[in-house]
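Heads up, the thing below is written out as structure tokens.
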Number of protein chains: 2
Amino acid sequence: MKLDSLQEQLGHRFRDPRLLLQALTHRSHSTPHNERVEFLGDGVLNCIVAAELYTRFPGLKEGELSRLRASLVREERLHEIAAGLALGDYLRLGEGELKSGGFRRPSILADGLEALIGAVFLDGGFESARDVVLRLYRPLIESAEPSAVEKDPKTQLQEWLQSRRYALPQYSVVATRGAAHEQRFEVECLVRELDLRTVGTGTSRRLAEQEAARAAYDKLQQ
Amino acid sequence: MKLDSLQEQLGHRFRDPRLLLQALTHRSHSTPHNERVEFLGDGVLNCIVAAELYTRFPGLKEGELSRLRASLVREERLHEIAAGLALGDYLRLGEGELKSGGFRRPSILADGLEALIGAVFLDGGFESARDVVLRLYRPLIESAEPSAVEKDPKTQLQEWLQSRRYALPQYSVVATRGAAHEQRFEVECLVRELDLRTVGTGTSRRLAEQEAARAAYDKLQQ
């Protein structure tokens with residue numbers, strides 16, 4: 001059966017294959033789909049990565065651990081790992097998503113991986129989920145360079161301004177475009193005292209703010 | 001020993017009492033303090049509550065589970081539980097914090113509780129941490145009314161505006177006051193098309209935005 005090789009890569013054989021199937025079922029395909037179990041998987045993943053970093057990096061402070069974890073569990077990383085498993089070949093998508101190439105979309109792959117982790121937790125408990133997560137994450141965690149974890153642009157900008165006693169930047173959404181499920185946000189970052197305005201765009205307000213902050217920080221470095 | 005009754009309330013007796021002591025030690029007191037183990041406890045708590053809600057509320061969607069969890073793990077809830085344990089009597093604080101009543105401060109109590117959960121996880125593993133969390137949370141989870149989980153004010157405001165095809169509100173920090181560890185943020189919420197401006201304040205930018213959104217939403221309901 002085709003799912004054998006996926007289970008081999010995960011290092012977990014499902015006692016209840018329905019859980020595996022559910023984790024691989026996108027909401028565009030049928031019910032039960034993977035959204036609830038993805039919620040669970042997200043919590044399980046965060047916990048396991050937190051525990052691993054806590055043990056592995058006794059010298060890191062809370063904020064550093066937190067940033068390192070964020071860098072490991074963010075969508076791009078999940079997407080890379082999912083792509084390495086060829087998860088797109090196993091996901092069950094509805095017609096529309098299939099035609100529009102949903103099996104390649106980073107968010108669908110990342111969500112599918114979180115759902116898989118949640119399903120392993122339900123199937124085999126916390127220890128099974130930990131085995132799977134550490135197996136998938138070993139290369140990333142072993143090559144993690146805590147000192148190199150870049151602060152996010154908003155933090156960098158804020159720290160730069162605070163250290164010079166300037167007020168915090170102001171962010172505001174200046175435009176949104178597109179329909180609900182594919183909105184683009186355009187955010188302005190304003191540093192009033194320096195008369196500096198930059199704009200960033202992204203698929204969420206948060207991402208657009210980060211882009212605007214990055215542009216502002218880059219200008220200040222010049 | 002005084003810590004006996006705390007361990008009894010938690011339903012966990014520490015094999016390694018140093019972990020318990022560390023969880024109770026605020027950074028103002030001495031090292032090793034509880035910040036790293038609080039980071040761990042936060043992840044453990046989120047995971048356990050997610051798993052419990054997933055099982056207990058099979059009819060809830062991902063977004064509803066997520067909001068319900070957020071309502072259970074937020075600082076106010078943690079603070080209530082910590083107060084119920086009289087955690088302030090056990091925390092070890094530095095002189096300055098003691099004098100300024102730090103043992104009553106919600107954030108210090110909430111952080112201490114998360115640290116305790118992290119310490120139980122390190123001492124006895126995931127199952128021990130689950131037992132403790134569910135014991136502490138049972139009354140809250142059993143009385144949880146998923147339908148009554150209020151959306152946060154920013155979400156409410158956004159949905160209200162979107163359903164009427166208005167642009168998203170703009171938030172900007174108009175002032176910050178106080179030293180780094182006790183900053184107050186003042187945020188303006190602007191709904192340009194409706195010429196509506198409201199202001200919220202809080203100990204973080206996020207909280208101040210929520211307050212500003214709440215004020216705007218309330219005005220729109222009038």
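The values are calculated or read from the model by the stated rules, or taken from the named source; none is laboratory data. Computed from a prediction, not measured in an experiment: that's the story for all the values here. For neighbour counting, all protein chains shown are included, and Cβ atoms are generated from backbone atoms with ideal geometry for every residue, glycine included.
Would you check if A:Ile48 is β-branched (Val, Ile, Thr) and within 11 Å of chain B (Cβ to nearest Cβ)?
Answer is yes for this residue.
Could we say that A:Glu64 is within 24 Å of A:Glu209 (Cα to Cα), of a type outside the set (A, V, I, L, M) and touching a residue at least 24 places away in the same chain (Cβ under 8 Å) here? The answer is yes for A:Glu64.
The residue of region B:177-194 that is farthest from the chain's Cα centre (by Cα), among those that are surrounded by 16 or more Cβ atoms within 10 Å (Cβ to Cβ) and over 23 Å from B:Arg67 (Cα atoms), is B:Val191.
Out of A:Ala144, A:Ala110, A:Ala129, A:Ala82, one residue alone is of a type in the set (A, V, I, L, M, F, W, C), closer than 30 Å to A:Tyr217 by Cβ and surrounded by 22 or more Cβ atoms within 10 Å (Cβ to Cβ). It is A:Ala110. Among the residues of region A:77-85, is any at pLDDT 95 or above, in contact with a helix residue (DSSP H, G or I) (Cβ under 8 Å, 6 or more places away or on another chain) and not in a helix (DSSP H, G or I)? Scanning region A:77-85, I find at least one residue that is at pLDDT 95 or above, in contact with a helix residue (DSSP H, G or I) (Cβ under 8 Å, 6 or more places away or on another chain) and not in a helix (DSSP H, G or I), so the answer is yes.
Residues that are free of Cβ contacts under 8 Å to residues at least 12 places away in the same chain and farther than 30 Å from B:Phe57 by Cβ occur in region B:207-222; there is at least one. Can you spot a residue in region B:135-144 that is modelled with pLDDT under 95 and within 14 Å of another protein chain (Cβ to nearest Cβ)? Looking through region B:135-144, none of the residues is modelled with pLDDT under 95 and within 14 Å of another protein chain (Cβ to nearest Cβ). Considering region A:147-181, the residues that are of a type in the set (S, T, N, Q) and within 23 Å of A:Lys61 (Cβ to Cβ) include one that is modelled with the lowest pLDDT, namely A:Ser147.
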